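Colleague: Would you mind keeping the following structure in view while I ask a few things?
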Amino acid sequence: MIGTCSELSACTFREQVNLDDVALPIKKLKGTEPVKSLDLSNKGLSFASAIVIASLIGVNGTLTSVDLRGNLLGDNGWGAIFAAICSNKDSKIMSLDSSCETISPAGVQLIAEALSTSVTGALTEVNLDGFALPVKKLKGTDSVDTLDLSGKNLGVASAVVIASCISINGALTSVDLRGNKLRDKGWGAIFAAICHNKDSKISAMDASSENISPAGVKLIAEALRTSVTGGLTKVSLAKNELGEEGTKAICEALEQNKTLKELDISGEKFGKSNIGGTAGAKHVAKMVGINGGLTKLSLAHNMLGEEGTKAICEALEQNKTLKELDISGEKFGKSNIGGTAGAKHVAKMVGINGGLTSIDLSRNQLCGILRYVDVGQQGSYTSEGITAITNALRVNGGLTVTNLLGNQLDAESAKMLAEVAKQKDISLCGIQRDQTTANFLYKELEPPDAILLGSDLSQAVVTGALTSVKLGGKKLGDEGWGAIFAAICGNKDSKIMSMDACSENIGPAGVKLIAEALHTSVTGSLTVANLLRNELDAESAKMLVQVAKQKGISLCGILRDQTTADFSNQKLKPPDAILLASDLSQAVVTGSLTVTNLLGNQLDVKSAKMLAEVAKQKGISLCGIQRDQTTANFLYKGLEPPDAILLGSDLSQAIVTGALTDLYIWSNSIKDEGITAICNAVQGNKESKLAKLNVGDNNISPIGATAVAAMVAVTSGLMALNLSSNSLKDEGVNAVCEAIQSNKETKLTSLHFSYNGIGPVGANAVAAMVAMVAVTGGLTITSLAGNELGEEGTKALCEALEQNKTLKELDISGDWFGNKGSNIGGSAGAKHVAKMLDVNGALTKLSLAKNEFGEEGTKAICEALEQNKSLKELDISGDWSGNKGSNIGGSAGAKYVAKMLGVNGALTATNLLHNNLDAESAKLLAEVAKQKGISLCGILRDQTTADFSNQNLKLLDAILLATDLSHAIVTGGLMGLNFWHNNLKDDGVSAVCKAIQSNKETKLAWLNFNNNSIGPVGANAVAAMVAVTGTLTQLDLSNNQLCGIDQNHSGTYNAEGITAIAYALRVNGALTSVDLGGNKLGDEGWGAIFAAICGNKDSKIMSLDASEENIGPAGVQLIAEALRTSVTGALTNMNLGGNKLGPAGAAVFAPVLAANGALKSINLSNNVLCGVDDRGQGTYTAEGITAIADALRVNGVNGGLTALDLSSNRLKDEGVRAVCEAIQSNKETKLASLNMGQNSIGPVGVKSVAAMVAFTGTLIKCDLSGNDMGEEGKASIRFAVQGKAGFHLHL
């Protein structure tokens, strides 16, 4: 016998007791041997041990932490533990975790009772569902006003504990519990706790969108019926599933509860009643007829029907306490109130009821026109209903706010309503009198709605507090926008300061109305309008400008305190430029503005010059250049002459670009007119600090070169000028060189004329400039590559360099693309280069690549270099395009190079690639290079990345590369190698991999072998290298022949290579990325790869792309099994798009989708998931997509997907509905991005998509492009996402 628990708690000598084959540390549990923490988790302890532990920690005053998870304590055991801690006033245990312990409701109740009666001040946190509940704050012992516990994945157990705590809290005023899994019992407990706490100060409870069923509503109703608190005045049960039964329960409760003031039981926006339609409405009516407490009631989107509406309205004829009623319907669906028939009942009630101050009747098809997403507009127009409502408003003395938008009124009915509203000071658009902002974006407002809104905006008593109103949707038209502006401008008390009408298809007729409104305006508040990107012409734009200048109004949305404005790439046209010029010219409008960006629009030269003129007067940048900016990069921006004119404006102003030193405009199309504007600006700005100017690849001819020449002739600060890849020709180069020579103060150090069609004449001009050392002695870098200097031009240049000792780098290589002959005149030109090298001691870098100077030229150059001790880098590589032969004369020339390298002590890097060497000469060069530590491939010693992509490298080139890669002194700093799109094949890749493998000091982190015709043999070499190279993190082997099958499906399948790679991946713990796509691996190969990665617990590979790999059901079976048994947590993204999974493969993959919580992103696009391919061939079946949908219902419980691509699968409406309903029903979903483009989504499917998008809170991106949803369908989707800030929708 070990004695009773009380004996143990009193015992001072016993050290251990064993009840479950685990020795419990009695003294530590009691505190007689003080410790701070005890770990008793996963010990197999049962209820008996729990009782002993409870009795001991019940007297412990030192223990701060005890872990009992993973045992078998049961309900009573956990109850005893909590009771012991909570009844011990000296306990210092601060938190207790019982999550994942399968405690039943009975056990939870014991825990809740212990916490509610707790006397310990230490326990602050309790974890029942994976989130630590703040016990003290919930109870009120640590007093706070508000608690946000939303989205914490709390379950019923947590709800019961929360309820027990807040049932005694008299301080808490607000608690948010939405987005959890409280379910019916949890929400029932919460409401009961609040309602039965007479001291509760919680005034509002939001339980909307919580899937509460009638059973849960009955619990809530009972709590409200028996409530003793006067604090709870506002409840929302919107968007649940109350049904008639639940609605009846709530309503019967409210027949007795007189303290609740506001109730929201509205339904969902897509035809799903919350209250059970007409039947539920009758219970609401009965309650309204009795209850005298409610002041605000929302029944929106509930399909009340005429009968339900009638019942409610008849009850309201007697009810004088309800002030606000929302019975709005849907824009795309059935009326909530039963259309015109229901409108008559509403009208009758409004004519009698004097209590209501606000009623929302928007989107109720009051005029008989119904719009459905699936079938478009139906019904015939009738003014009967809206006339009845108008007449009721005439006699009603209480209403101040109505909302009648979205009811397909005609202009006559709208004007009739407006007339009455102005007489009675009533809002027709739901705007409250104290409201400061109103947002009508994406409300699909039409011209008659604008008349209603105009009525509101014209009345100071209605919208006197309003400072901002947002509109949009391109449906208001000229007349509608005219009405809006007229209303604002005609209201002298209006506080609305800005109006955005950008991109609203407003034409000259609308502009005329707007201009008239602005001209006669009596309000001083409206100072900002945005009318850009409409359908203006020059005349209508000028009309607006005239008024705007009189009134000091911005027409482009620029605020008066705004300092920067970006209008780039917005498709602005010349009329928009007129509006912009107006803004820029007015100090009152843009007095604070210093920077705008207008590049990349559709301006013409005339409008660009107009803007430039204004900007110069005001000191404003037109190209986004900040005043302290030193570098401006406009590479590849598609700039044209008008853009260059804007840039010229900036460059001409010292106040705008006074700090600018570097300007890059490479690869645009500014042409002669553009370069002239830029050069004139630089030339005219005497304070310019511009030091570097790159205008290469801009279609500049000799005409533009004249402007460049004029600029360099007088500019002393320019140090680097790049004019490459234009069409300057000899004439243009001559002009520039003569200008440089004439400028005695030039500081040019770098000048690039490559690829400009320069011949001997131009070369002579360059030579003359280089020879004039007194002026151009600062020039250290010159490029004349890709021209046709010829022997004559080369001779002139070399003779100049025999005298010039300042130039350090010279590039006179041939045409990179192999379309032209030698740049220097072949071997004859090479001899002049050799003569120059014999005497020039200044050059450190020389490129003679692709010049075909042959053996004779190579001999001359090499003999000169045997004596030259200054040159460090030499490029004599050949032509990789295959259009020319060797540069150095092949193997014969290689011997001279090898001899030179053996005696030259200065060179550290040469480039000898593409020279058609034989094995003997390659090995000879390699031997010398190893001895001297010289790169043979142009790799510099401090270089970190080397790009050899798309150079047609072959085996003998690989030998040279291997030499470089095997030596730490040559490539010790190299971290990245790119061999994309070459022809290394097995032998070449093997040479490279063996070199990397042999270099123990390699730092190589990424390697790209994409598209190199690598077969199984090469794959083995790669695998051997990967297995031992611990620095490698990224490897690209895509588009090869790793299994022996080429891109044309020729060859014999061989799994040897991919098996070796799979083995390497199974043991490699460094790689984070591997690309194996395009290798025809087949089902077996991809199965092996997935198995290897998933079976490697140390794998760091995060994503795997197996798209377009012809993987079928058999392959998916292997992949699914690998994922099912995966031990790696790294693999989170996988792409299986473009395969042939089919319905069978989808069914196989679905269980993985349901269970694997590590995967975050999956692409299953274009996989024939429903049996029909992209050509429409096959038989449709929803079997596979239904399996996927079922998986999506539970995905997210442990981790879960954030991105899913199901595009191009021909899911059709049936499949789309299954997927959307599954996502919508899953409250655990983490899905943020969903692609369902190209899926034949029609009218039925679009409803499901809209509902899912509207109610999936995690979703922030949805692609539905390529579906035939129609304009109404698209509008319903836009409507669903309104109010979701930052949502990316692609239709």
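The values are calculated or read from the model by the stated rules, or taken from the named source; none is laboratory data. Since this is a predicted model, take the numbers as computed values, not measurements. Quick reminder, even Gly has a Cβ in these numbers, built from the backbone with ideal geometry, and neighbours come from all protein chains shown. Just so you know, the surface numbers come from the protein's heavy atoms only, side chains and all, with ligands and any DNA or RNA stripped out. Shrake-Rupley method; radii C 1.70, N 1.55, O 1.52, S 1.80 Å.
Colleague: Is there any pair with a first residue in the range 547-568 that is closer than 21 Å to A608 by Cβ and a second that is of a type in the set (D, E, K, R) whose Cβ atoms are under 7 Å apart and which are 6 or more apart or on different chains, and what are they?
Modeller: S554/D583; L555/D583; C556/D583; G557/D500; I558/D583
Colleague: Residues that are under 22 Å from A1070 (Cβ atoms): list the strands (runs of 3 or more DSSP E) wholly contained in the range 905-1023 that include at least 1 such residues. Explain how you work it out, then say what you get.
Modeller: On the way: elements: 909-911, 945-947, 976-978, 1006-1008.
Where strands (runs of 3 or more DSSP E) fall fully within the range 905-1023 and carry at least 1 residues being under 22 Å from A1070 (Cβ atoms), they are 945-947, 976-978, 1006-1008.
Colleague: Report, by residue number, each residue of the range 599-624 that is closer than 17 Å to L693 by Cβ and touching a Ser or Thr at 6+ places or on another chain (Cβ under 6 Å). Break it down into steps so the answer makes sense when it comes.
Modeller: First, pick out the residues of the range 599-624 that are closer than 17 Å to L693 by Cβ: 623.
Listed by number, the list is empty, since nothing qualifies.
Colleague: Now a separate question. I'd like the full set of residues that are closer than 19 Å to A739 by Cα and open to solvent by less than 20 Å² (accessible area, probe 1.4 Å), limited to the range 772-794. If you could, list the steps in order and put the result at the bottom.
Modeller: Filtering the range 772-794 for residues closer than 19 Å to A739 by Cα gives 772-784.
If the condition is that a residue be closer than 19 Å to A739 by Cα and open to solvent by less than 20 Å² (accessible area, probe 1.4 Å), then V775, T776, L779, T782, S783, L784 are the ones that fit.
Colleague: A follow-up question, please. Select, from L647, L611, L660, L635, the only residue that is surrounded by 23 or more Cβ atoms within 10 Å (Cβ to Cβ) and part of a loop (DSSP other than H, G, I, E, B).
Modeller: On the way: L647 fails: part of a loop (DSSP other than H, G, I, E, B); L611 fails: part of a loop (DSSP other than H, G, I, E, B); L635 fails: surrounded by 23 or more Cβ atoms within 10 Å (Cβ to Cβ).
Answer to the selection: L660.
Colleague: State all residues of the range 422-453 that are open to solvent by less than 60 Å² (accessible area, probe 1.4 Å), assigned to a helix (DSSP H, G or I) and over 18 Å from I496 (Cβ atoms); if no residue qualifies, say none.
Modeller: Selection gives P447, P448.
Colleague: Hey, can you tell me all the residues within the range 1162-1180 that are outside any loop (DSSP other than H, G, I, E, B) and modelled with pLDDT under 95? Step through it out loud before you land on a result.
Modeller: Here is the first cut: in the range 1162-1180, the ones outside any loop (DSSP other than H, G, I, E, B) are 1162-1163, 1172, 1178.
Matches in the range 1162-1180: V1172, G1178.
Colleague: If you go through the range 767-805, how many residues are within 18 Å of L693 (Cβ to Cβ) and of a type outside the set (S, T, Y)? It would help to see each step written out before you state the result.
Modeller: Within the range 767-805, the subset within 18 Å of L693 (Cβ to Cβ) is 769, 776, 778-783.
Narrowing the set further to residues that are of a type outside the set (S, T, Y) leaves 769, 778-779, 781.
Number of matching residues: 4.
Colleague: Identify all residues within the range 1226-1275 that are over 23 Å from the mean Cα position of the chain (by Cα), without any contact (Cβ under 8 Å) to a residue 40 or more places away in the chain, surrounded by fewer than 20 Cβ atoms within 10 Å (Cβ to Cβ) and not in a loop (DSSP other than H, G, I, E, B); write none if there are none.
Modeller: Across the range 1226-1275, the qualifying residue is only E1271.
Colleague: For the range 113-129, which residues satisfy the criterion of being open to solvent by 60 Å² or more (accessible area, probe 1.4 Å) and part of a loop (DSSP other than H, G, I, E, B)? Quick ask: steps written out before the conclusion?
Modeller: Of the range 113-129, the ones open to solvent by 60 Å² or more (accessible area, probe 1.4 Å) are 113, 117, 119, 125.
Answer for the range 113-129, where residues must be open to solvent by 60 Å² or more (accessible area, probe 1.4 Å) and part of a loop (DSSP other than H, G, I, E, B): T117, V119.
Colleague: Every residue in the range 720-766 that is within 18 Å of I812 (Cβ to Cβ), open to solvent by less than 30 Å² (accessible area, probe 1.4 Å) and either modelled with pLDDT under 95 or among the aromatic types (F, W, Y) (or both), please.
Modeller: Passing the criteria: only F753.
Colleague: Determine which member of the set N685, N694, N633 is modelled with pLDDT under 95 and within 20 Å of M719 (Cβ to Cβ).
Modeller: N685
Colleague: When you scan the range 900-908, do you find a residue that is more than 23 Å from A864 (Cα to Cα) and open to solvent by 20 Å² or more (accessible area, probe 1.4 Å), even just one? Before you say what the answer is, go through the steps one by one.
Modeller: Quick first cut of the range 900-908, residues more than 23 Å from A864 (Cα to Cα) only: none.
No: the range 900-908 contains no residue that is more than 23 Å from A864 (Cα to Cα) and open to solvent by 20 Å² or more (accessible area, probe 1.4 Å).
Colleague: Follow-up question, since we're still on this one. Considering only residues of the range 15-47 that are of a type in the set (G, A, S) and not in a loop (DSSP other than H, G, I, E, B), which is farthest from A122 (Cα to Cα)?
Modeller: As a first pass, look at the range 15-47 and keep what is of a type in the set (G, A, S): 23, 31, 37, 41, 44, 46.
In the following step, the residues that additionally are not in a loop (DSSP other than H, G, I, E, B) were identified as 23, 37.
On the way: A23: 28, S37: 14 Å.
The residue in question is A23.
Colleague: Further, regarding this structure: Quick check on G658: is it at pLDDT below 95, over 32 Å from the mean Cα position of the chain (by Cα) and either closer than 16 Å to V595 by Cα or hydrophobic (A, V, I, L, M, F, W, C) (or both)? Lay out the reasoning, then the answer.
Modeller: Numbers: at pLDDT below 95: yes; over 32 Å from the mean Cα position of the chain (by Cα): yes; either closer than 16 Å to V595 by Cα or hydrophobic (A, V, I, L, M, F, W, C) (or both): yes.
The answer is yes for G658.
Colleague: Let me ask another. Out of T1033, T1002, which single residue is touching a residue at least 60 places away in the same chain (Cβ under 8 Å), over 17 Å from I1089 (Cβ atoms) and either among the small types (G, A, S) or open to solvent by 10 Å² or more (accessible area, probe 1.4 Å) (or both)? Give the derivation first.
Modeller: Values: T1002 fails: touching a residue at least 60 places away in the same chain (Cβ under 8 Å).
Selected residue: T1033, the only one of T1033, T1002 that is touching a residue at least 60 places away in the same chain (Cβ under 8 Å), over 17 Å from I1089 (Cβ atoms) and either among the small types (G, A, S) or open to solvent by 10 Å² or more (accessible area, probe 1.4 Å) (or both).
Colleague: Answer with yes or no whether L797 is of a type in the set (A, V, I, L, M, F, W, C) and either within 49 Å of the chain's Cα centre (by Cα) or open to solvent by 20 Å² or more (accessible area, probe 1.4 Å) (or both).
Modeller: Answer is no for this residue.
Colleague: Mind listing just one residue for me: the one in the range 53-87 that is part of a loop (DSSP other than H, G, I, E, B) and within 25 Å of F131 (Cβ to Cβ) and, of those, most open to solvent (accessible area, probe 1.4 Å)?
Modeller: The initial filter retains those residues of the range 53-87 that are part of a loop (DSSP other than H, G, I, E, B), namely 58-64, 68-73.
Within this subset, residues satisfying the condition of being within 25 Å of F131 (Cβ to Cβ) are 63-64, 68-73.
On the way: L63: 1, T64: 36, L68: 1, R69: 92, G70: 38, N71: 15, L72: 127, L73: 5 Å².
Checking each candidate, the answer is L72.
Colleague: Mind counting the residues in the range 1007-1028 that are under 24 Å from D942 (Cα atoms) and touching a residue at least 40 places away in the same chain (Cβ under 8 Å)?
Modeller: 1
Colleague: Which residue is modelled with the lowest pLDDT, if the candidates are limited to the range 89-128 and must be of a type in the set (S, T, N, Q) and out of contact with any Lys or Arg (no Cβ under 9 Å at 6 or more places or on another chain)?
Modeller: Here the answer is T102.
Colleague: Next question, about the same structure. Go through C556, C502 for me and flag whichever is touching a Phe, Trp or Tyr at 6+ places or on another chain (Cβ under 8 Å) and within 23 Å of C623 (Cβ to Cβ). Break it down stepwise before answering.
Modeller: Working: C502 fails: touching a Phe, Trp or Tyr at 6+ places or on another chain (Cβ under 8 Å).
C556 is the lone residue from the list that is touching a Phe, Trp or Tyr at 6+ places or on another chain (Cβ under 8 Å) and within 23 Å of C623 (Cβ to Cβ).
Colleague: Can you pull out every residue in the range 819-840 that is under 55 Å from the mean Cα position of the chain (by Cα), open to solvent by 10 Å² or more (accessible area, probe 1.4 Å) and under 17 Å from E802 (Cβ atoms)?
Modeller: Listed by number, the list is empty, since nothing qualifies.
Colleague: Which of the residues spanning the range 587-608 are at pLDDT 95 or above, open to solvent by 10 Å² or more (accessible area, probe 1.4 Å) and more than 33 Å from the chain's Cα centre (by Cα)?
Modeller: D604, V605, K606
Colleague: It is to be established whether one or more residues within the range 543-556 are in a loop (DSSP other than H, G, I, E, B) and in contact with a Pro (Cβ under 8 Å, 6 or more places away or on another chain).
Modeller: Of the range 543-556, the ones in a loop (DSSP other than H, G, I, E, B) are 552-553, 555.
Next, from what is left, pick out any that are in contact with a Pro (Cβ under 8 Å, 6 or more places away or on another chain): none.
No.
Colleague: On the basis of being touching a Ser or Thr at 6+ places or on another chain (Cβ under 8 Å), without any contact (Cβ under 8 Å) to a residue 40 or more places away in the chain and in a loop (DSSP other than H, G, I, E, B), does S688 make the cut? Talk me through it step by step, then tell me what you get.
Modeller: Values: touching a Ser or Thr at 6+ places or on another chain (Cβ under 8 Å): yes; without any contact (Cβ under 8 Å) to a residue 40 or more places away in the chain: yes; in a loop (DSSP other than H, G, I, E, B): yes.
For S688, the condition - touching a Ser or Thr at 6+ places or on another chain (Cβ under 8 Å), without any contact (Cβ under 8 Å) to a residue 40 or more places away in the chain and in a loop (DSSP other than H, G, I, E, B) - is met.
Colleague: Follow-up. Quick check on this structure: which one of L526, L572, L532, L536 is crowded, with 21+ Cβ neighbours inside 10 Å, touching a strand residue (DSSP E or B) at 6+ places or on another chain (Cβ under 6 Å), without any contact (Cβ under 8 Å) to a residue 60 or more places away in the chain and in a loop (DSSP other than H, G, I, E, B)? If you could, list the steps in order and put the result at the bottom.
Modeller: On the way: L526 fails: touching a strand residue (DSSP E or B) at 6+ places or on another chain (Cβ under 6 Å); L572 fails: touching a strand residue (DSSP E or B) at 6+ places or on another chain (Cβ under 6 Å); L536 fails: touching a strand residue (DSSP E or B) at 6+ places or on another chain (Cβ under 6 Å).
Exactly one residue qualifies, and that residue is L532.
Colleague: Can you tell me which residues in the range 953-969 are surrounded by 16 or more Cβ atoms within 10 Å (Cβ to Cβ) and either touching a Gly at 6+ places or on another chain (Cβ under 6 Å) or on the phi > 0 side of the Ramachandran plot (or both)?
Modeller: Of everything in the range 953-969, those that are surrounded by 16 or more Cβ atoms within 10 Å (Cβ to Cβ) and either touching a Gly at 6+ places or on another chain (Cβ under 6 Å) or on the phi > 0 side of the Ramachandran plot (or both) turn out to be L955, A958.
Colleague: Tell me which helices (runs of 4 or more DSSP H) are completely within the range 757-828 and hold 3 or more residues being free of Cβ contacts under 8 Å to residues at least 24 places away in the same chain, of a type in the set (D, E) and more than 19 Å from N840 (Cβ to Cβ), or say none if there are none.
Modeller: Details: elements: 760-771, 773-776, 790-803.
Passing ranges: none, list empty.
Colleague: Something else: Counting just the residues of the range 221-258 that are of a type in the set (S, T, N, Q) and within 21 Å of S167 (Cα to Cα), which one comes out nearest to the chain's Cα centre (by Cα)? Break it down stepwise before answering.
Modeller: We begin by selecting, within the range 221-258, every residue of a type in the set (S, T, N, Q); these are 226-227, 229, 233, 236, 240, 247, 256-257.
When the remaining residues are screened for being within 21 Å of S167 (Cα to Cα), the result is 226-227, 229, 233, 236, 257.
Values: T226: 50, S227: 48, T229: 47, T233: 41, S236: 33, N257: 49 Å.
Looking at the filtered set, the residue picked out is S236.
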